[in-house]
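Peer 1: Pasting in a structure now, in structure tokens, and then I'll have a few things to ask.
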Amino acid sequence: MAFGLTKKEKTQLTDLLTTLSNKHADLESAVTEYNEALTATKEFVSGKAAKWQDEFDDKSETWQEGDKGSEVSELIAEWENLDFGEAEAVAPDSIADEVSDLRMDAD
């Protein structure tokens with residue numbers, strides 16, 4: 001029994017690593033696009049909450065302390081405290097590096 005890869009297996013591994021690399025590029029692109037959309041959403045939500053806060057602040061103290069004011073204050077607080085998180089790609093680079101560092105044959 002040989003402890004190494006056949007020519008066919010080396011080709012198969014190379015093809016798999018190429019596929020892995022291509023999929024990683026696709027993943028990175030998708031994560032970047034997702035995070036751009038996420039940033040736009042965060043900016044919208046933050047902007048809207050700030051606008052509502054300005055409008056709230058322009059209201060009388062009586063209105064602010066009333067039922068409607070309390071309801072609006074809670075809404076603004078909810079919008080200000082939304083946590084969307086952020087997507088992060090797995091680190092396939094390190095996987096590809098590890099696999100590419102594998103020896104193909106026993107010494």
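Taken together, the values in this text are just the output of simple stated rules run on the coordinates, not laboratory data. Keep in mind that this is a model prediction, so the values were computed, not measured. No Cβ is skipped: glycine too gets one built from the backbone with ideal geometry, and neighbour counts run over all protein chains shown.
Peer 1: Note down the net charge around Asp15, summing +1 for each Lys or Arg and -1 for each Asp or Glu among other residues with Cβ under 14 Å from its Cβ.
Peer 2: +3
Peer 1: What is the Cα radius of gyration of the range 21-84 over 2.2 N^0.38 Å, N being its residue count?
Peer 2: Relative to the 2.2 N^0.38 Å estimate, the range 21-84 comes out at 1.69.
Peer 1: Another one. Residue-wise, which Karplus ³J(HN,Hα) couplings in Hz belong to the range 58-66, taking 6.51 cos²θ - 1.76 cosθ + 1.60, θ = phi - 60°, and x for glycine or proline?
Peer 2: Result, ordered by residue: 6, 6, 5, 4, 4, 5, 4, 8, x Hz.
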